[in-house]
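No lab work stands behind these numbers, since they all come straight from the coordinates. Bear in mind the structure is a predicted one, so any value in this text is a computation, not a measurement. When we count neighbours, we look across all protein chains shown, and the Cβ atoms used for this are built from the backbone with ideal geometry, even at glycine.
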Amino acid sequence: MIKNYVLLLFIFVSNSIVSQTSNDNLINNAKKICEKNQKLFCKAFDFYINKEFDSCYVYSSRALVESKSQKESDILNYIQSFSSRKKKLFKKALENLKRISDNPEFIGLKESQLGLIQLHLKNYNESLEHYVKWESLDSLYGSERKLKMDSFHNIGLCYMHKKEYVKAKEYFDKEIELVEKRDTLDIIALKMDLANVYYNQYLDDEAIPLFTEAYNLSKIYSNLELKQNSTYNMAIVERNRKRYKESVEYYREYIKWKDSIWNRDNIIGLAEKDKQIALAQKQQEIVLQEEQLKRQKLVQNGLIAGASGLVIFIGFLGFLYKKLKKQNTLITQQKEDLNIANKTKDYLFSVVSHDLRSPINTIRGKHIELKNHIENNDLPALRAATDAAIAVTESTSHLLNNVLHWSLEQSNQLLFDTKEYALRPMVQHVLHDYATLVEAKGITINSELENVLVKADKESLKIVLRNLLDNAVKYMNREGEITVKTGSYSDTEAYITVQDTGIGIPQEKLDKINALKDLTIDKIDRSKGVGLGLLLCQTLVKKNGGSITFESEVGKGTKITILLPSIEE
């Protein structure tokens, strides 16, 4: 008699991930990507974790378009393949899995899922190829007990469908070694599969008790598919045993469970349709919201662009204003400089016209005297007139030097080089130049010079000293003395004093001279009796960072003190 084989084989499909280590890698990598604020990716992965596979499928598709790295793309393809398998879209699941790279972190997940899907598609050889590859990787990745049980079970199913019952039993035995009493679903499925292995080898004595035990266990388990499968198996077994009455009873029970499953699936299908409608509505709402957000963003970008343009325009106006203001300031400064230059020019012209008129007239008169003395052959008178002409010429030369120095200083053309100098050699050099002149006039120069270091411009100080000595000689009442001293005034200042025994300066004029440090060129009035030489002295001393003061008494002489910044030796 030909045996009617049990046609309905229970395929146990694991919802777990093959490798717990791989699953940890998946979650850890997903968390790192979410830290980079990848919103679509995170939303898709949250739906996967919460087993909302429809939403996971939709959002993973959108996230794949925006994926920025291979690792991100691998994770999205995996969770979409998982969702596709749950939705029985096996070909789509295969497409996603083939796009996953051979990254060691995901290869175990990839191979186990490929084996599972090929089993669903009844491609048993392809399924075994992937499971065998996963089994070789399993030692690298490690798996928890339940996950190994699921994989061994599916491998056994592949061999059983290929009628390689020895290999099938080998993997079912591996599963038995891992099964525990609390794994009721696994025990029932395992007993049915082992029963089928024995039954297809005509080992009824081993198979029938296992079918019966699986049937009895399914009664206390809530899974309708298990109840249907175990009942159907018993109906086939009893029919082959020619126990038709018992077989009919099992068939009736089988039909009852089949109807229950149909009703449940119908309800689930309706619920699924409602869910799909709700999902479609939600997607439409999302699209509308996205369109609204795009419009808002467009308006916002327009406002930002307008505001940016306004800010740039205001900045440009500010730049123009600053530029115009700078130009106006420059024009104002140039106007002031021009006014000062004009006043300086007017002042110098007044000096030249006033101070040169008298000496020129004197020189002209002396020339006439010289001519008369030559005609009369009066040698003593000729000598006296010549000396007088020389003195007037020297005075005029000194005046012209002052005019030149003053003009250069006012136009910032006077060279000014501040360095450290010793006062004594500089003063000695100036006094040596005056030795012949003062000796001819019967004037004695005394000097008490300490070797003090100062920080100043040497040439401008020489101009100051020459002016002071010229004035001392000019206002000396014939014979007299000039005393020049240098030394330390304080820790930070050195002094130069020029004291003479000349006619002195009236108090009123002395006050005006001492007030020169507070005057500017536009306030100077030559009618007040302050000469260009003293004004030049005040200016150059101030430019050297020092000060100059005048002390005088009519009939007794004048003392002039210059203070300059000193340097410690």
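Here are the numbers:
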read-out	value
Under-5 Å amide H pairs with GLU553, H placed in peptide plane, nonlocal only	ILE505
Packing-based exposure ordering (other Cβ within 10 Å, fewest first) of TRP257, TRP262	TRP262, TRP257
Cut-off under 5 Å, modelled amide H: who pairs with GLY487 long-range	GLU450, TYR495
Compactness of the range 132-236 - radius of gyration and Dmax, Cα, Å	14.1, 45
Ranked list, fewest to most other Cβ atoms within 10 Å of each Cβ, for ILE49, ILE75, ILE33	ILE49, ILE33, ILE75
Label-point separation, LYS282 to ASP259 (7 Å along Cα→Cβ), nm	3.5
Relative frequency of Cα-Cα separations exceeding 28 Å in the range 416-567, percent	17
Highest-first arrangement of 442-454, 185-197, 164-176, where packing means the average Cβ count within 10 Å	185-197, 164-176, 442-454
Karplus-derived HN-Hα couplings along the range 460-472 (A = 6.51, B = -1.76, C = 1.60, θ = phi - 60°), whole Hz, x at Gly and Pro	5, 5, 4, 4, 4, 4, 4, 4, 5, 5, 4, 5, 4
Chain lengthening between LYS543 and LEU379 when straightened (0.36 nm per residue, less Cα-Cα)	54.1 nm
By average C-beta atoms within 10 angstrom, highest first, the peptides 479-485, 317-323, 63-69	479-485, 63-69, 317-323
Computed E for GLN300/SER101 - FRET, C-beta separation, R0 45 angstrom, nearest 0.05	0.70
Under-5 Å amide H pairs with ILE482, H placed in peptide plane, nonlocal only	THR444, ILE445, ASN446
